[in-house]
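Below you'll find the structure, written out as structure tokens, and then a few comments.
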Amino acid sequence: MSPTEPARFLLLNYMKLEAQQVPGVAELLSRPRPTDARFPRSLYKHEAGDRLLEFVGFQELSGLGELLADGFWRETEGLVRPRLAMDFRRQLHGLRDVVKPSASSVPGAERLQLSRGEIAPRALDEYHAWRRDTLFPHVRSLEPVEGFAAYHSVMSTEPGFLFLAGYSGPAEKFQETQKTPAWQELTGHAASRYILGAVATSHWTRV
């Protein structure tokens, strides 16, 4: 996989733990692994300070089995799991759109906004056309957005779209772009026509 080629599939590895365990677990997860050249990784900490999120990139789904069976991966998992407050939560997502290209195949910005929502199945095609023609051009015009990719769930207990928006600086400043009338109109349109329930949004900092 090219370092700048976006991963066709992303494994999201969620970890919830006590805040005092975060530095030690982050250090373990940040150590180089023999599989990193083929399956690039990045690690983020949640804004609340008690969760870590590891992204792993794949070009083919066949790589998932190889990764999970790797001895170094299993050894690291064995060291991390006893420190977790809850067991690993894993999700797999497939790439749909690269809206603003980034410099890495997995999320690599200083900060990351993760947004997800479930789309009504009957409206899925209409939704994809709407966001391609209306939402994504607006996202490209937002200067604070350094990279933006849209994925969709392949295996997840939270089905639907996954937006990954990379940025730098305080989350509060980035969120100002989403308080404008134009953004509110776009998100209101999506909520009323396509999205089931609410959109879940969180902010993460690169470890």
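The values are calculated or read from the model by the stated rules, or taken from the named source; none is laboratory data. Since the structure is predicted, the reported quantities are computational estimates derived from the model, not experimental observations. Cβ coordinates were reconstructed from backbone atoms using ideal geometry, including for glycine residues, and neighbour counts include every protein chain displayed.
Listed values, structure above:
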item: Verdict on Tyr194 being surrounded by 14 or more Cβ atoms within 10 Å (Cβ to Cβ), touching an Asp or Glu at 6+ places or on another chain (Cβ under 8 Å) and in contact (Cβ under 8 Å) with a residue 24 or more places away in the chain; result: yes
item: Among (1) loosely packed, with under 12 Cβ neighbours inside 10 Å; (2) touching a residue at least 24 places away in the same chain (Cβ under 8 Å); (3) outside the structural domain of Pro144 (by TED's automatic domain parsing), the one test that Asp87 misses; result: (2)
item: Failed item, numbered, when Ser62 is tested on (1) closer than 24 Å to Tyr167 by Cα; (2) exposed (fewer than 13 other Cβ atoms within 10 Å of the Cβ); (3) of a type in the set (Ser, Thr, Tyr); result: (1)
item: Residue satisfying condition, being in the same structural domain as Pro34 (by TED's automatic domain parsing), surrounded by 15 or more Cβ atoms within 10 Å (Cβ to Cβ) and of a type outside the set (A, V, I, L, M, F, W, C), within set Gly78, Gly57; result: Gly57
item: Of residues in the stretch 23-38 being modelled with pLDDT of 95 or more, surrounded by 15 or more Cβ atoms within 10 Å (Cβ to Cβ) and out of contact with any Asp or Glu (no Cβ under 7 Å at 6 or more places or on another chain), the one nearest to Ala103 (Cα to Cα); result: Ala26
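A quick yes/no check of all residues on (1) closer than 20 Å to Ala103 by Cβ; (2) buried (at least 17 other Cβ atoms within 10 Å of the Cβ); (3) modelled with pLDDT under 95:
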site: Tyr127; (1), (2), (3): no, yes, no
site: Trp130; (1), (2), (3): no, yes, no
site: Val154; (1), (2), (3): no, no, no
site: Leu164; (1), (2), (3): yes, yes, no
site: Tyr167; (1), (2), (3): yes, yes, no
